[in-house]
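Written out below as structure tokens is the structure these notes cover.
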Amino acid sequence: MAFAQLTYRESLRDIETCLSVQATKLYHMGFREPVRRSTLADANEARDWRIYAELAHRLIAQARKLYANEDLGLELSNTVYALDSTTIDLCLSVFPWAHFRQTKAAVKMHTLLDLRGNIPSFIHISNGKLHDVHALDLLVPEAGAIYVMDRAYIDFERLHALHQAGAFFVTRAKSNMDAYRVYSAPTDRASGIICDQTIALAGHYSSQHYPNHLRRIRFKDIEQDRTLIFITNNFILPTATICALYKSRWQVELFFKWIKQHLRIKRFFGTSENAVKTQIWIAVSIYVLVAIVKKRLGLDASLYTLLQIFSLTLFEKMPIHQALAAEADRSDGPQKINQLELFAF
């Protein structure tokens, strides 16, 4: 299944055919029998997906240690997380267990992304009906960490639980938020910061769920000609840093886009819930494994470049540095080669 992720296989028959070409090399890797698609199908159905989830978590722990000192460009020592989810569409007639809407099936991938290295520190795969805000119930808040999320996660009772745990959050305010100003700090309107206020919630239930003060920042985005209102429980960081933190939330969107484009989590090799979760967790493991290789070997190449190289050299005994050196040494200038010209002009 990892071979399928790395080499862009489309089906179990595709995996079986391609692996049969490498029969001798598979033998030396410990495969005494040919890999059959029926065996893969049975494993997808019967082998618990939690095995692969645990493997992914072990790799994530290694990757986060390697990227712990990555520079966020914000002069922050805090761990910064971006929380969001992505919906993976499925066919209702083939995946009836993942019922989402009347004519549609889907699963959701709730992800907490560590922005130092863009490593997913928490992933929960649910049915498409689970609202994003419920992912906050599954998190174990980390004291001192900063959680950046969009308006879908605004639930003042849950946000207050983060606050009580010693964590910070940055999100956007909803247009119907009922609050009043307690204090206004001076701001530099030339930088786009319209106001920096300390507020208290005025709604009957919201004030009970979050009795503490909040910080409200109104920012004018000149490039897109819109005004954004951020709320946070952090009263120490500069206003510009709070705005930059929310902008960095876009990294989780790029993570979802990357794995959907370059890994196999949109077409599945099995139709059961176990098979779908197995394939997603193996894809996450591959992403993290490539990130570990990149960091441990000190490679400057992007994850996409490494993935492309692995797809062609998976069974070759070639150091990855050699493959990258060959790419770097290519020159557009004339080369002396003992080869006749194919076309003569």
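Key figures
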{"item": "Condition broken by D48, with the remaining ones in (1) surrounded by 12 or more Cβ atoms within 10 Å (Cβ to Cβ); (2) more than 27 Å from S311 (Cβ to Cβ) satisfied", "result": "(1)"}
{"item": "Helices (runs of 4 or more DSSP H) lying entirely in the range 1-72 (those with 2 or more residues that are within 21 Å of K266 (Cα to Cα))", "result": "2-7, 12-21, 37-46, 50-66"}
{"item": "Flag if A135 is over 28 Å from F268 (Cβ atoms), in contact with a helix residue (DSSP H, G or I) (Cβ under 8 Å, 6 or more places away or on another chain) and surrounded by 14 or more Cβ atoms within 10 Å (Cβ to Cβ)", "result": "no"}
{"item": "Subset of the range 158-181 (residues that are over 26 Å from the mean Cα position of the chain (by Cα) and modelled with pLDDT of 95 or more)", "result": "Q164"}
{"item": "Qualifying position, being surrounded by 19 or more Cβ atoms within 10 Å (Cβ to Cβ), out of contact with any Ser or Thr (no Cβ under 8 Å at 6 or more places or on another chain), without any contact (Cβ under 8 Å) to a residue 24 or more places away in the chain and not hydroxyl-bearing (S, T, Y), among L289, L306", "result": "L306"}
{"item": "Only listed residue being of a type in the set (G, A, S) and surrounded by 16 or more Cβ atoms within 10 Å (Cβ to Cβ), chosen from A179, A190, A202, A185", "result": "A179"}
{"item": "Unmet criterion (only one of (1) closer than 25 Å to E253 by Cα; (2) buried (at least 18 other Cβ atoms within 10 Å of the Cβ); (3) without any contact (Cβ under 8 Å) to a residue 24 or more places away in the chain) for L19", "result": "(1)"}
{"item": "Candidate set from the range 182-194 (those that are part of a strand (DSSP E or B) and aliphatic (A, V, I, L, M)); member that is modelled with the highest pLDDT", "result": "V182"}
{"item": "Helices (runs of 4 or more DSSP H) wholly inside the range 237-315 that include at least 3 residues being in contact with a strand residue (DSSP E or B) (Cβ under 9 Å, 6 or more places away or on another chain)", "result": "239-248, 250-262, 273-296"}
{"item": "Residue match in the range 217-233 (condition: out of contact with any Asp or Glu (no Cβ under 6 Å at 6 or more places or on another chain), of a type outside the set (V, I, T), over 20 Å from V170 (Cβ atoms) and assigned to a helix (DSSP H, G or I))", "result": "no"}
{"item": "Test: residue in the range 125-148 that is modelled with pLDDT of 95 or more and of a type in the set (S, T, Y)", "result": "yes"}
{"item": "Any hit, the range 24-35, residues being under 21 Å from A275 (Cα atoms) and surrounded by 12 or more Cβ atoms within 10 Å (Cβ to Cβ)", "result": "yes"}
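The values are calculated or read from the model by the stated rules, or taken from the named source; none is laboratory data. In this text, all values refer to a predicted model and were calculated from it rather than measured experimentally. Note: ideal-geometry Cβ built from the backbone for every residue, glycine included; neighbour counts use all protein chains shown.
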